[in-house]
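Contents: one structure, followed by commentary.
The values are calculated or read from the model by the stated rules, or taken from the named source; none is laboratory data. Just so it is clear, the model here is predicted, and its values are computed rather than measured. Cβ coordinates were reconstructed from backbone atoms using ideal geometry, including for glycine residues, and neighbour counts include every protein chain displayed.
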Amino acid sequence: MIFKKGKTMKIIAVLAIFLAACSIDFDRNYNQIDNDMIRPISYWFRNRNFWSLEGRTSPETAPGDTVVLDIFFTGKPITLDDIESFSVSWNVLTDAYGNLAPRGEERLQLIGEPHLFNRMNGQILRILFQVPRDILHNADVIPNDLSELSNNYKIGNITEFFPFSTKNDGLAFLENLASDWRLQMAIPFTEGARINGLAQILSAQYQIYVDIKNTPRTIMRNTARWHGRLRNIEGIYLNNNPEFLGWRYYNWSNSWRGDTISLSLSRPEANFVEFGVSRLDFLLTLEQAFARQPITNIEEYWALVFFDGANTRDNLNIQIWDIWYYDYGSYQSVRLTMNVTNNAKVGDTGWIWLLVYDQRLGVANYPQGRDIIGFPIKFVE
């Protein structure tokens, strides 16, 4: 579900949209959680090397960076003994239509041991690894002749903007900039915007795989690009992970809090929950980066909802009526209105998880930021 900046917008939340949007990342794409099945429903990457200017975590990963990957599981609990392997494809081909073709697969070398801990009525599996320093040099998706990228992305002749035309020279230029923050600080905005565009087209995706016994393979995807190491350049914008700031529901006197949320069986219009979410990030699309006068844009937030009705006496179904998006200046918020169907009874309990993630069309290999929040529910009259 897309949330656009500006005027408050009401967006009709069709359940099928929620289900389809999840199919990119996991083989299991049902929004109802069953306790007899292992269900990975989200993941998020965090760069261990730096924090963003706003103090938020970021999925930005450059060659050589150390990365923390968290995978959130619900349903049937797992143990570390259930995990058969961690592997990776560092060389992933992509096209303009979003198709991906991984080339080769190898065992993922972890930093330290994986950790598993309980959160939000689920589990988080945490691993650390390092992005190879030569990942972009070995990426087949980046051609040796940069004029091919100029044609693919329709950005004109790249030699009009930079004094080189080969992949290795372009990467050497970015690597040199990444090692000198003083040089970065001296670059004006228009030139920095073009460097932003160059770092976009000289980027590549990679995929992490986790194999768990008797469970479909879990696939996580991220991008290697130089933006994080070029963050002192005016015109370079980082993508941060969204962060939930708290929630409140129909009893507004409760204000922001994190306890159990009551859902009314007789007053469905009262069943809304509002979540505070950190602000949208600024960015430059490729077209904007190479424009005569670059103009910044913002990303979009999407949302997925999962629920667990296993603690109810009968089969539970929670439908999302609609979603509202608000801009309060210092933060955003998402309001969900929920309809409880089937045979839920007063006193029944359950859990709901809300996943928010960002994306933006027009940006090459935009690294996706994510956050998830879970909360217990109970049903009242």
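Here are a few things to note about the model shown:
- Only strands (runs of 3 or more DSSP E) whose full extent lies in the range 1-94 are considered here, and the ones with at least 3 residues that are over 22 Å from Asp211 (Cβ atoms) and either within 20 Å of the chain's Cα centre (by Cα) or at pLDDT below 85 (or both) are 9-12.
Quick grid of which residues meet (1) outside any helix (DSSP H, G or I); (2) touching a residue at least 24 places away in the same chain (Cβ under 8 Å); (3) more than 25 Å from the chain's Cα centre (by Cα); (4) under 18 Å from Ser85 (Cα atoms):
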residue: Gly112; (1), (2), (3), (4): yes, no, no, yes
residue: Glu148; (1), (2), (3), (4): no, no, yes, no
residue: Gln207; (1), (2), (3), (4): yes, yes, no, yes
residue: Asp211; (1), (2), (3), (4): yes, yes, no, yes
residue: Ile219; (1), (2), (3), (4): yes, yes, no, yes
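- Residue list for the range 95-121, filter: surrounded by 13 or more Cβ atoms within 10 Å (Cβ to Cβ), at pLDDT below 95 and not acidic (Asp, Glu): Leu100, Pro102, Arg103, Met120, Asn121
- Number of residues in the range 167-196 that are surrounded by 19 or more Cβ atoms within 10 Å (Cβ to Cβ), out of contact with any Asp or Glu (no Cβ under 9 Å at 6 or more places or on another chain) and touching a residue at least 60 places away in the same chain (Cβ under 8 Å): the value is 3.
- In summary, Phe162 fulfils each of the numbered conditions (1) touching a Leu at 6+ places or on another chain (Cβ under 7 Å); (2) part of a helix (DSSP H, G or I); (3) of a type in the set (Phe, Trp, Tyr) with the single exception of condition (2).
- Some residue of the range 372-381 being in a loop (DSSP other than H, G, I, E, B) and at pLDDT below 85: yes
- Among the residues of the range 229-244, those that are in contact (Cβ under 8 Å) with a residue 60 or more places away in the chain and either touching a strand residue (DSSP E or B) at 6+ places or on another chain (Cβ under 6 Å) or β-branched (Val, Ile, Thr) (or both) comprise Asn241, Pro242, Glu243, Phe244.
- Selected residue (only one of Val346, Val363, Val334 is of a type outside the set (Asp, Glu), modelled with pLDDT of 80 or more and buried (at least 22 other Cβ atoms within 10 Å of the Cβ)): Val363
- Which listed residue, of Ile124, Ile142, Ile135, is in contact with a Phe, Trp or Tyr (Cβ under 8 Å, 6 or more places away or on another chain), assigned to a loop (DSSP other than H, G, I, E, B) and surrounded by 15 or more Cβ atoms within 10 Å (Cβ to Cβ): Ile135
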